[in-house]
Amino acid sequence: MKRFKLIDLLDNVGINTFLIDAMGVIYNDKGLIPGAAAAINKFKSIGKIFIVTNNTTNNPTQIAAKISRFGAKIEPVEVVSSGFGLAYDKKTNEMVKDKAVYVFGREDCYSYFERAKVRKIVYNLKDAEVVVLTATLEEGQEEFFADFKKELANFSGLPIICANPDIFVMSAPGVERAVIGYYAKILEEAGHTVHWIGKPFPNFLRVVGNILNDRGI
């Protein structure tokens, strides 16, 4: 039986918009997956491409720059992160809009909150109306999370959003590392209710649809 590569069939399928996953699909911590740059260039020669990702550690400008440094040119407007769910999913936006938000993550993600029109970002749980989990920390994650989980027990009714449902990501072939969804699951097991936004949840499908509609696609 003759085998075909997807990239060789694209000219004949009549598709002109492509949604592509990011971490573990086109790149990992080591760089681009072999063949990813050629595939992205092929997609762009046919139509529009969007990197659809659960990455809320970084903002779209940083995500695009990272992929571009690896050798596949991506523009920030071609990145659709689950962080956009804070603005583009009705239920999620109602939880954060005009609210004081405590962010478990890094400052690189703050543009998602500006887009969602939060009232302010706060740095103490006692000042928060909602908690949003966006990323693990670069240093001291386990210790900081343990302290955070202990303090959160004093605010059992505080709404919690996990903006990145990934539990593990493939950082290299055969190597997984835990990311923020892993820690959100720990909070659920401790009795907290977590609202999830991102792949594979249907609410993120609506987010992507809303964004493409806004862009006339």
Subject >> HN-Hα J in Hz across segment 59-66 - Karplus 6.51, -1.76, 1.60, θ = phi - 60°, x for Gly and Pro >> reply: 8, x, 4, 5, 5, 4, 5, 5
**OP:** Select from segment 109-175 those GluC sites (Glu not before Pro) which occupy a DSSP coil region and have at most 13 other Cβ atoms within 10 Å, ordered by residue number.
**Re:** GLU138, GLU139
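Counting only heavy atoms of the protein chains, get the accessible area per residue of the chain (1.4 Å probe) and round it to a whole Å² value.
53 Å²
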Subject >> Candidate lysines for bridging to LYS126, where Cα separation is under 30 Å - those fewer than 8 sequence places away on the same chain excluded >> reply: LYS90, LYS91, LYS97, LYS99, LYS117, LYS149, LYS150, LYS185
Subject >> For TRP196, distant residues with modelled amide H under 5 Å away >> reply: CYS162
Original post:
Using θ = phi - 60° and the Karplus form 6.51 cos²θ - 1.76 cosθ + 1.60, what ³J(HN,Hα) does each residue of segment 70-79 get, whole Hz, x for Gly and Pro?
Top reply: 6, x, 10, 5, 10, 9, x, 5, 9, 10
Original post:
Taking amide H positions as placed 1.01 Å from N in the peptide plane, with prolines and chain starts having none, which residues 5 or more places from ASN28, or on another chain, fall under 5 Å of its amide H?
Top reply: ILE33
Original post:
Going by alpha carbons, how many degrees (0 to 90, nearest 10) lie between the helix axis of 180-189 and the longest principal axis of the chain?
Top reply: 40 degrees
Original post:
Long-range amide H contacts for VAL79: which residues qualify at under 5 Å (H placed 1.01 Å from N, peptide plane, sequence gap of 5 or more or a different chain)?
Top reply: ILE51
**OP:** Return the lysines within reach of LYS66: Cα separation strictly under 23 angstrom, same-chain partners fewer than 8 residues apart disregarded; answer none if there are no such residues.
**Re:** LYS30, LYS42, LYS44, LYS48, LYS199
Subject >> Vicinal HN-Hα couplings computed from phi for segment 99-110 (Karplus, 6.51 cos²θ - 1.76 cosθ + 1.60; Hz; Gly/Pro x) >> reply: 10, 8, 10, 9, 10, 8, x, 10, 4, 4, 8, 5
Original post:
For segment 39-152, taking Cα atoms only, what is the radius of gyration to one decimal and the Dmax to the nearest whole Å?
Top reply: 16.2, 52
**OP:** Using a 1.4 Å probe over the heavy atoms of the protein chains, calculate the carbon and sulfur portion of the accessible area of segment 1-155 as a whole percent.
**Re:** 50 percent
Original post:
What per residue convex hull volume, in Å³, do the alpha-carbon atoms of the chain yield?
Top reply: 140 Å³
Subject >> Calculated [θ] (222 nm, deg cm²/dmol) that DSSP helices of n ≥ 4 give over the chain, each run adding -39,500 (n - 2.57) >> reply: -10000 deg cm²/dmol
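The values are calculated or read from the model by the stated rules, or taken from the named source; none is laboratory data. Being a predicted model, the structure only gives us computed values, none of them experimental. Positions of Cβ are generated from backbone atoms using ideal geometry, with glycine treated the same way; all protein chains shown enter the neighbour counts. Note: accessible area is taken over every heavy atom of the protein model, side chains too, but ligands, DNA and RNA are not part of it. Shrake-Rupley method; radii C 1.70, N 1.55, O 1.52, S 1.80 Å.
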